[in-house]
Amino acid sequence: MLAHAFTKQQQRRQNNLDLLVPVLDRKTITMSVRRTMSTSSAKEWRNYFLSTHFWGPVANWGIPIAAIADSQKNPKFISGKMTLALTLYSCIFMRFAYKVQPRNWLLFACHATNASAQAYQGLRFLHYQKTQEGNA
């Protein structure tokens, strides 16, 4: 009796899943791919991924990643001048990424992240310098 009830419960769950998940056959998938390809050209995507508009920001992501990783290290190793230079550099290039046509949002996001990380590093540097002066 218990096995029969368990089987009916499984069958009800399967019926509910059948209602939620559409049946994908080969024709449906083919039509979906054709519709997607007709709205955006594969050549446009290839040109984007092979351009400096894409690879420049990808290579640039090393700077904010390093700044975020350095936020866990001792603040005595922070260079105040370099942190200021990187903060200003990122602010300038955020403006460039916004002004260039077409707008390079990937570059903008990279420099916004870097400016934030460098500003945090700068605050850590200032706090460390202040505590060192207080201890001396």
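For Tyr128, what charge total do you get from the other residues with a beta carbon under 12 Å from its beta carbon, if Lys and Arg give +1 and Asp and Glu give -1?
Net local charge, Tyr128 excluded: +3.
Please compute the modelled spin-label separation between Ile92 and Ser79, points set 7 Å along Cα→Cβ, answer in nm with one decimal.
1.6
Could you pull out every one of the lysines with an alpha carbon less than 27 Å from that of Lys99, ignoring same-chain neighbours closer than 8 positions?
Leaving aside lysines fewer than 8 places away in the same chain, those within reach of Lys99 are Lys43.
For the stretch 48-136, go through all pairs of different Cα atoms, get the mean of 1/r, take its inverse, and jot down that Kirkwood value in Å.
Evaluated on the stretch 48-136, it is 13.9 Å.
Note down the Stokes-Einstein diffusion coefficient of the stretch 86-125 in µm²/s, whole number, using a Kirkwood radius over alpha carbon pairs, 37 °C, and 0.692 mPa s.
Using the Kirkwood radius from Cα pairs, D works out to 326 µm²/s.
Add +1 for every Lys or Arg and -1 for every Asp or Glu among the other residues with Cβ under 14 Å from the Cβ of Asp70, and state the total. Write down the numbers at each step before the final one.
Numbers: positive: Lys73, Lys76, Arg124; negative: none.
So the surrounding residues net to +3.
Label point 7 Å out from Leu123 along Cα-to-Cβ: which residues of the stretch 57-85 have amide N under 15 Å?
Taking a point 7 Å out along Cα→Cβ of Leu123, the residues of the stretch 57-85 whose backbone N falls under 15 Å are 68, 71-72.
List the lysines whose alpha-carbon lies under 21 Å from that of Lys130, not counting same-chain residues fewer than 8 positions away?
Correct list for Lys130: Lys73, Lys76, Lys81.
Expressed in nm to one decimal, what extension gain is obtained for the pair Ser116 and Ile68 from 0.36 nm per residue of sequence separation less their Cα-Cα distance?
Numbers: separation 48, 0.36 × 48 = 17.28 nm, distance 0.95 nm.
Between Ser116 and Ile68, full extension yields 16.3 nm more.
We did not get these values from a lab; they are worked out from the coordinates using the rules stated. Remember, predicted model here, so these are calculated numbers, not experimental data. FYI the Cβ positions are ideal-geometry reconstructions off the backbone, even for glycines, and counts take in every protein chain you see.
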